[in-house]
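Novice: Quick one: the structure is below, and I'll ask about it shortly.
The values are calculated or read from the model by the stated rules, or taken from the named source; none is laboratory data. Source: prediction; values computed, not measured. Ideal geometry is used to build each Cβ from the backbone, glycine not excepted, and the neighbour counts take in all protein chains shown. Side chains included, ligands, DNA and RNA excluded: accessible areas come from the protein's heavy atoms. Shrake-Rupley method; radii C 1.70, N 1.55, O 1.52, S 1.80 Å.
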Amino acid sequence: MERTRIAELLKTEAHGSTVEAKGWVRTRRGNKRVQFIALNDGSTIHNLQIVADVERLGEERLKAVTTGACIRAVGPLVASQGGEQRVEVLADEIEVYGGADPATYPLQKKGHSLEFLREIAHLRPRTNTFGAVFRIAHHMTMAIHTFFHEREFLHVHTPIITGSDCEGAGQMFQVTTLNLYDLRKDENGAILYDRDFFGKQTGLTVSGQLEAELAAMGLGAVYTFGPTFRAENSNTPRHLAEFWMVEPEVAFNEIADNMQLAEDFIKYCVQWALDHCPDDLRFLSEMFDKGLMERLNFVLKQSFVRLSYTEGIRILEQAVADGKAFEFPIYWGADLAAEHERYLVEEYFECPVILTDYPKEIKSFYMKQNDDGKTVRAMDVLFPKIGEIIGGSQREENYDKLAARAKEMNVPEKDIWWYLDTRRFGTAPHSGFGLGFERLLLFVTGMANVRDVIPFPRTPNNAEF
């Protein structure tokens with residue numbers, strides 16, 4: 001007999017047909033005559049009830065059917081006698097694939113803190129919470145690829161190992177095959193990399209943007225979706241050392257086009273979640289964030305406000321003058337904190353905001369410089385609860401300006417000569433942005449900590465599992 005996924009069994013109207021279900025036991029209750037087993041196989045937030053006649057199946061066999069055990073159940077699918085589910089299975093046969101000792105199995109029928117579940121991340125997918133989160137993560141991946149495919153973007157794979165630091169912040173994990181106990185150095189004490197695998201110093205990428213730009217300069221519209229790494233010693237609820245980034249780059253798009261693409265993209269993803277994950281979203285809303293559904297629909301209904309950084313600073317300074325207290329100071333030239341971003345979105349405009357034209361001193365070398373000599377054509381999409389969810393810009397296409405800015409920011413030309421070359425041969429206006437996938441999941445799921453939307457979080461002092 002062929003197994004049927006529980007998600008499909010719960011939808012079927014074929015009462016009386018014999019079915020086979022497999023999964024993990026969430027709970028077992030009952031008496032000496034009949035036992036009720038809640039079975040889940042990960043395909044849905046809902047459990048399938050297996051009704052087991054103790055005399056027929058044997059008390060000894062059912063002893064092994066404990067919380068956490070993996071079983072196979074065969075029997076007719078019938079209309080449920082209870083009100084919590086539409087159908088149930090009257091078990092003719094139960095086979096235990098793998099038992100779970102009740103004395104040591106960590107996931108018992110009680111509330112567990114998210115902090116505790118991070119310590120047993122290898123078992124988190126068996127919980128309702130993380131089953132919901134990871135199913136939504138899958139659907140967000142599908143939404144991302146579908147959005148770009150429908151618009152004829154090409155998906156390109158950019159390198160994970162790189163010799164350039166896209167952001168210029170020096171927060172890269174180093175990749176080396178050198179013997180760390182016997183490093184060769186020059187007369188100035190600098191490490192010699194000539195015998196390293198790549199013959200030069202390399203690290204894990206912080207972004208696929210620069211390489212995606214190269215592709216866009218020949219293919220027109222591309223995107224990359226892959227892992228990125230930041231060796232930043234940060235333990236905030238919004239930071240990870242390893243995370244995934246979605247980065248489109250589009251030839252001939254200027255900043256206004258880039259803003260519209262970002263708004264269309266994020267709305268598409270939110271609508272996809274509402275269309276494809278209603279049960280999981282409803283569960284997360286009830287358990288963790290009562291305002292989740294309202295906030296998701298709020299984003300869909302609103303046109304995003306376009307606002308210059310300078311005007312945003314004026315609004316924030318006026319808020320301070322009117323008595324609003326911020327933890328971090330606000331002034332022209334400041335890199336806005338999440339509290340400032342959320343004030344603009346949640347209190348002042350009451351809708352998502354795209355902030356543009358930032359001071360060049362707080363942005364990366366590759367952003368197109370405005371004529372005022374002080375600002376660049378950067379853009380950040382600010383969301384309720386999250387703050388910045390997308391960051392991007394129109395890229396500087398002028399060779400002389402780009403080379404001079406890279407020099408100002410101490411980005412070695414030897415590391416980006418190939419990037420500069422695209423400005424020498426057929427340069428064109430182009431734009432792009434980056435979306436942190438886990439930030440998107442934070443918003444869509446309503447979870448509060450980024451460590452709870454990725455299966456195995458990598459953070460300072462934590463590389464378990």
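Novice: Over the Cα atoms of region 245-360, Rg to Rh with Kirkwood Rh, two decimal places? Please report the intermediate quantities before stating the final value.
Specialist: Values: Rg = 16.7 Å, Rh = 16.3 Å.
Rg/Rh for region 245-360 comes to 1.02.
Novice: Another one. In whole angstrom, and with the biggest value first, how far do the Cα coordinates of region 36-117 range along each principal axis?
Specialist: Taking max minus min along each principal axis of the Cα atoms, region 36-117 gives 40, 29, 19 Å.
Novice: Amide H to amide H under 5 Å from VAL34: which residues, 5+ apart in sequence or cross-chain, H placed 1.01 Å off N in plane?
Specialist: VAL54
Novice: From the protein chains alone at 1.4 Å, what is the descending order of accessible area for GLU152, GLU232, GLU350, GLU213, largest first?
Specialist: Working: GLU152 150, GLU232 70, GLU350 115, GLU213 0 Å².
Reading off the accessible areas and sorting them downward yields GLU152, GLU350, GLU232, GLU213.
Novice: Something else about it: Would you kindly state how much longer the chain becomes between HIS15 and GLU60 on full extension, computed as 0.36 nm times their sequence separation minus their alpha carbon distance, in nm to one decimal? Before the final figure, lay out the partial values.
Specialist: On the way: separation 45, 0.36 × 45 = 16.20 nm, distance 2.94 nm.
Stretched fully, the HIS15-GLU60 segment lengthens by 13.3 nm.
Novice: Right, something else. Using a Förster distance of 22 angstrom, determine the FRET efficiency expected from the C-beta separation of GLU150 and ASP257, and round it to 0.05. Show your work: numbers first, answer last.
Specialist: On the way: r = 17 Å, r/R0 = 0.78.
Approximately 0.80, to the nearest 0.05.
Novice: Averaging sequence separations of C-alpha pairs under 8 Å and six or more residues apart, then dividing by the length of region 13-164, give the relative contact order as a whole percent.
Specialist: Working: 229 pairs, mean separation 30.6, N = 152.
Relative CO of region 13-164 lands at 20 percent.
Novice: Convex hull volume of the Cα atoms in region 82-195, per residue, in Å³? Walk me through the numbers before you get to the answer.
Specialist: Details: hull volume 37.8 nm³, N = 114.
Taking only Cα atoms, region 82-195 has a hull volume of 332 Å³ per residue.
Novice: Still on this model: For GLU294, GLU55, GLU242, write out the residues from largest to smallest accessible area, computed with a 1.4 angstrom probe and no ligands counted. Could the numbers behind the result be given before it?
Specialist: Working: GLU294 140, GLU55 170, GLU242 60 Å².
Final ranking, largest accessible area leading: GLU55, GLU294, GLU242.
Novice: For the chain, which whole percent of the accessible surface, found with a 1.4 angstrom probe, sits on carbon and sulfur atoms?
Specialist: Values: 11180 of 22520 Å².
Answer for the chain is 50 percent, counting heavy atoms of protein chains only.
Novice: Something else now. Which order, highest average first, do 319-326, 89-96, 445-452 follow once you tally other Cβ atoms within 10 Å for each residue and take the mean per peptide?
Specialist: Values: 319-326: 10.9, 89-96: 17.9, 445-452: 20.8.
So the peptides 319-326, 89-96, 445-452, ranked by packing, come out 445-452, 89-96, 319-326.
Novice: About the Cα centre of the chain, how large is the charge dipole given +1 on each Lys and Arg Cβ and -1 on each Asp and Glu Cβ? Please answer in debye to the nearest 20.
Specialist: Dipole size: approximately 1200 debye.
Novice: Using a Förster distance of 25 angstrom, determine the FRET efficiency expected from the C-beta separation of SER308 and SER234, and round it to 0.05.
Specialist: Numbers: r = 29 Å, r/R0 = 1.14.
Efficiency, rounded to the nearest 0.05: 0.30.
Novice: Okay, next question. Among GLY446, ALA132, SER207, flag the residue with its Cα farthest along the positive direction of the charge dipole of the chain, charges on Cβ as +1 for Lys/Arg and -1 for Asp/Glu.
Specialist: ALA132
Novice: Still on this structure: Keeping every protein chain in place, order LYS363, LYS290, LYS200 by accessible area at 1.4 Å, biggest value first, i.e. largest first. Spell out each step's value before the answer.
Specialist: Values: LYS363 30, LYS290 160, LYS200 85 Å².
Final ranking, largest accessible area leading: LYS290, LYS200, LYS363.
Novice: Shifting gears a bit: For a label point 7 angstrom out from the Cα of LYS324 toward its Cβ, which stretches of region 276-308 have the backbone nitrogen within less than 18 Å?
Specialist: 305-308
Novice: Could you pull out the pairs from LYS185/LYS414; LYS267/LYS407; LYS301/LYS374 whose alpha carbons sit more than 30 Å apart here? Please report the intermediate quantities before stating the final value.
Specialist: Values: LYS185/LYS414 21 Å; LYS267/LYS407 38 Å; LYS301/LYS374 35 Å.
Flagged as over cut-off: LYS267/LYS407; LYS301/LYS374.
Novice: Quick one: dipole size for region 139-198, taken about the Cα centre, charges +1 on Lys/Arg Cβ and -1 on Asp/Glu Cβ, in debye to the nearest 20.
Specialist: Numbers: 4 positive and 9 negative charges, 27 e Å.
With only Lys, Arg, Asp and Glu charged at Cβ, the dipole is about 140 debye.
Novice: Below 20 Å, Cα to Cα, which aspartates and glutamates can LYS290 reach? Residues fewer than 8 away in the same chain don't count.
Specialist: LYS290 reaches ASP275, ASP279, ASP280, GLU346, GLU347, GLU350, ASP452.
Novice: Could you give the length gained on full extension between ASN128 and GLU464, defined as 0.36 nm per residue of separation minus the Cα-Cα distance, in nm? Provide the component values of the computation, followed by the final result.
Specialist: Details: separation 336, 0.36 × 336 = 120.96 nm, distance 2.22 nm.
Full extension of this stretch gives 118.7 nm more.
Novice: So what is the relative contact order for region 2-77, in percent, with contacts set as C-alpha pairs under 8 Å and at least six apart?
Specialist: Working: 134 pairs, mean separation 29.0, N = 76.
Over region 2-77, the number comes to 38 percent.
Novice: May I pose another question? If contacts are Cα pairs under 8 angstrom and at least 6 residues apart, what is the relative contact order of the chain in percent? Before the final figure, lay out the partial values.
Specialist: On the way: 846 pairs, mean separation 62.5, N = 465.
That works out to 13 percent.
Novice: Determine the shape class of region 418-465: with a ≥ b ≥ c the square roots of the Cα gyration tensor eigenvalues, call it rounded for a/c under 1.5, and otherwise prolate if a/b is greater than b/c, oblate otherwise. Each step should come with its number before you reach the end.
Specialist: Values: a/c = 5.80, a/b = 2.19, b/c = 2.65.
Oblate, because a/c is 1.5 or more while a/b does not exceed b/c.
Novice: To the nearest 20 Debye, how big is the dipole of region 308-448 about its Cα centre, given +1 on the beta carbon of each Lys and Arg and -1 on that of each Asp and Glu? Please report the intermediate quantities before stating the final value.
Specialist: Numbers: 17 positive and 24 negative charges, 108 e Å.
About 520 debye.
Novice: How much accessible area per residue does region 22-172 have, counting only protein heavy atoms and a probe of 1.4 Å, in square angstrom?
Specialist: 51
Novice: Hey, another quick one. Could you work out the pair-distance distribution P(r) of region 17-161 from its alpha-carbon pairs, with 5 angstrom bin width and percents rounded to whole numbers?
Specialist: Percent of pairs per bin, in order: 2, 8, 15, 18, 15, 12, 9, 7, 5, 4, 2, 1, 0.
Novice: For the chain, what is the mean residue ellipticity at 222 nm derived from helices alone (per DSSP H run of n ≥ 4: -39500 (n - 2.57); sum divided by total residues; nearest 500 deg cm²/dmol)?
Specialist: Working: 14 runs with 141 residues, N = 465.
The helix-only estimate for the chain comes to -9000 deg cm²/dmol at 222 nm.
Novice: Another question, if that's okay. Quick one: which of 104-113, 181-190 comes out on top by average Cβ neighbours within 10 Å, and what's the full order, highest first? Don't jump to the answer; show the numbers that get you there.
Specialist: Working: 104-113: 11.1, 181-190: 7.5.
By packing density, highest mean first, the sequence is 104-113, 181-190.
Novice: Taking a probe of 1.4 angstrom, what is the accessible area of MET217 in Å², to the nearest 10?
Specialist: Answer for MET217: close to 50 Å² accessible.
Novice: Same structure, new question: Which of the following values of semi-axes √(5λ) of the Cα gyration tensor in Å was calculated from the structure shown: (1) 50, 42, 16; (2) 36, 26, 21; (3) 49, 27, 21?
Specialist: It is the value labelled (3).
Novice: Another one. Under a 5 Å amide H to amide H cut-off, with H placed in plane at 1.01 Å, what residues pair with SER308 once short-range neighbours are removed?
Specialist: Result for SER308 returns THR356.
Novice: Accessible area of TRP417, 1.4 Å probe, to the nearest 10 Å²?
Specialist: Taking all protein chains as shown, TRP417 has close to 150 Å².
Novice: Next question, about the same structure. For region 357-417, report the accessible area per residue in Å² (1.4 Å probe, heavy atoms, rounded to an integer).
Specialist: Working: 2550 Å² over 61 residues.
About 42 Å² of surface per residue is accessible.
Novice: So what are the ³J(HN,Hα) numbers for region 87-102, from phi and the Karplus equation (6.51, -1.76, 1.60; θ = phi - 60°), rounded to whole Hz, Gly and Pro as x?
Specialist: Here the 3J(HN,Hα) series is 9, 8, 10, 8, 6, 8, 8, 10, 10, 9, 6, x, x, 9, 4, x Hz.
Novice: At q = 0.11, 0.18, 0.22, 0.23 Å⁻¹, what is the log10 ratio I(q)/I(0) for region 369-452, with the Debye formula run over Cα points and no solvent?
Specialist: -0.45, -0.85, -1.02, -1.07
Novice: Continuing with this model, one more query. For GLU294 and LEU183, FRET efficiency with R0 = 41 Å and r from the beta-carbon atoms, rounded to 0.05? Don't skip to the answer; put the middle values down first.
Specialist: Values: r = 57 Å, r/R0 = 1.38.
Here the calculated transfer efficiency is 0.15.
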